[in-house]
Every structure is written in C-alpha cells, then in structure tokens.
C-alpha cells in the first residue's frame, strides 16, 4: 500500500480528495488529515477515534523511512 499512498499524496493534479484504506482515511487538502475509522460489525456504525494532520513533505519523509525499514523500493 506504500505506492498507493505515496501516489495519492504526491499526485499534483488532485488538490483535494480522500484515500480510504481498511481503518485509515487520508483527506488531502492544503495539508493532510489522517483519521482512524472503525466499523462495528454488529450494528455497522462507524466511529472515528482520533485524527491528526501533517504537511506533505513531512509525511513523505516518514513514509520513505518506513519503506526503507521494511524493504520497499522507494518512489521518487
């Protein structure tokens, strides 16, 4: 999923939008907002337990550090 997140964050033709993974939602605006969303299977309601924001350059640094640690080929 590294490649998909990296592409979403850095694609210059999308100024705003959402990337949805299993529990993670990334909202792209001037900065990036990360939300942890849980879906409860019993009654199918959704709950966002926390969120944080980060600038694109800072996020690129962090995800590339993660990619190196886990052996992914870095995107440039």
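In nm, what is the difference between 0.36 nm times the number of residues separating residue 34 and residue 58 and their Cα-Cα distance? The partial results should precede the final answer.
Values: separation 24, 0.36 × 24 = 8.64 nm, distance 1.34 nm.
Full extension from residue 34 to residue 58 adds 7.3 nm.
Rank the residues 74, 35, 59 as a footprinting-exposure proxy: fewest other Cβ atoms within 10 Å of their Cβ go first.
74, 35, 59
Which residues among segment 18-32 fall inside the zone where the amide N is under 20 Å from a point 7 Å beyond the Cα of residue 4, along Cα→Cβ?
Correct set: 18-29, 32.
Please work out which option in (i) 1.04; (ii) 1.20; (iii) 2.79 gives Cα Rg over 2.2 N^0.38 Å calculated from these coordinates, and answer with its label.
Checking each listed value against the structure points to (ii).
Go ahead and set up a Gaussian network model of the chain, Cα springs under 10 Å, then flag whichever of 18, 37, 65 fluctuates most.
65
When only C-alpha pairs under 8 Å and at least 6 residues apart count, what is the relative contact order of the chain, in percent?
This gives 23 percent for the chain.
The numbers here are math on the coordinates, done by the rules we state, and not lab data. As the structure is a prediction and not an experimental result, all values here were calculated from the model. Virtual Cβ from ideal backbone geometry, glycine too; neighbours counted across all protein chains shown.
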